[in-house]
Amino acid sequence: MQLTIHAKKRGKKIEFEKNFKFPMNWKAIPEELLNQIATHLLAASFNDVANQQKIIAAIIKHNMQDEEYEFRKVEIDLDFDTFQVIADEMKWMWSDEHFSVSPMKYFTHEGVRYYLPSDKLGNTVMGEFYWLDDFFTDYKKRQNKVELIRMVSVICRPARTDGHTDMDIREPFEPANIYQRAAKLSDLDPSIYWPIIRYFLGSLQKLDKAFGLFEKPEELQEGQAPTPNFKRPDQLKRNWQDVMMDLSKGTLSEYNTIFHEPTWKVMAFLKHQTDKAAAA
């Protein structure tokens, strides 16, 4: 795509033309660039134009690394028409049209098949969702590939061996196995783990549309992940473990039950509670 790009460096305007190649899938994005754009991806997925512009600017700068300019210090200034052209080219990255659909049934790594959840996190349990959110929060802060692999290790698991595969072929979720599994998947190819992460973000959009339980991107501070939009009486923000603790009323057996309840079932219950409280 031949584009004329306007930029600023130390207040001085720069204009240049170049034939840019914009990535068409995750495999085409190098890891260094992935980490630069990932912190803006969630907001971009909710059609936040400012964060979409930041992603596009990062890709443009990456394209210009072989030029004489020190582009890490340059501010890319996209006019509206240029942004629209590029945004249309890049819509695969932040559109939720397909990304809540599981990108693959399974992948094989070192001879082991790891199975993914159903569409929209449909057969995940609340404990999985809590750990996913926790690792995603850490990734937003650190931009560390390790956190992404841990997210994959939460939801991608070998087949269960007890024969009860009607609802979920994956072995039952056990937090104690996350880190060991993540170590085995430490060299997983980005072309596998990035579609899985994007599937997680697309599924968050579906959950939000159904239940409205999340803070919106414009309310998120840098480094935050989607968190419950509930508040304690003291107005402190809660995480999903806090929500499960409150639902269990301090009873360990009840907490364990909620931990293993389907994510969508618990979200529907929370939605019912909040609607009932609002109507009172």
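Rule-based calculations on the coordinates, nothing more; no lab input. What you see is a predicted model; the values in this text were computed from it and never measured. Virtual Cβ from ideal backbone geometry, glycine too; neighbours counted across all protein chains shown.
Below is a table of values for the structure above.
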| item | result |
| --- | --- |
| Pairs beyond 19 Å (Cα-Cα), from LYS21/LYS141; LYS91/LYS145; LYS206/LYS265; LYS13/LYS61 | LYS21/LYS141; LYS91/LYS145 |
| Additional length obtainable on full extension of the chain from ALA278 to TRP92, 0.36 nm per residue less Cα span | 63.2 nm |
| Net charge of neighbours whose Cβ lies under 15 Å from the Cβ of SER191, counting Lys and Arg as +1 and Asp and Glu as -1 | 0 |
| Fraction of alpha-carbon pairs over 30 Å apart in the range 106-279 - percent | 18 |
| Vicinal HN-Hα couplings computed from phi for the range 135-152 (Karplus, 6.51 cos²θ - 1.76 cosθ + 1.60; Hz; Gly/Pro x) | 5, 5, 4, 5, 5, 4, 7, 9, 6, 10, 4, 4, 5, 5, 5, 5, 4, 4 |
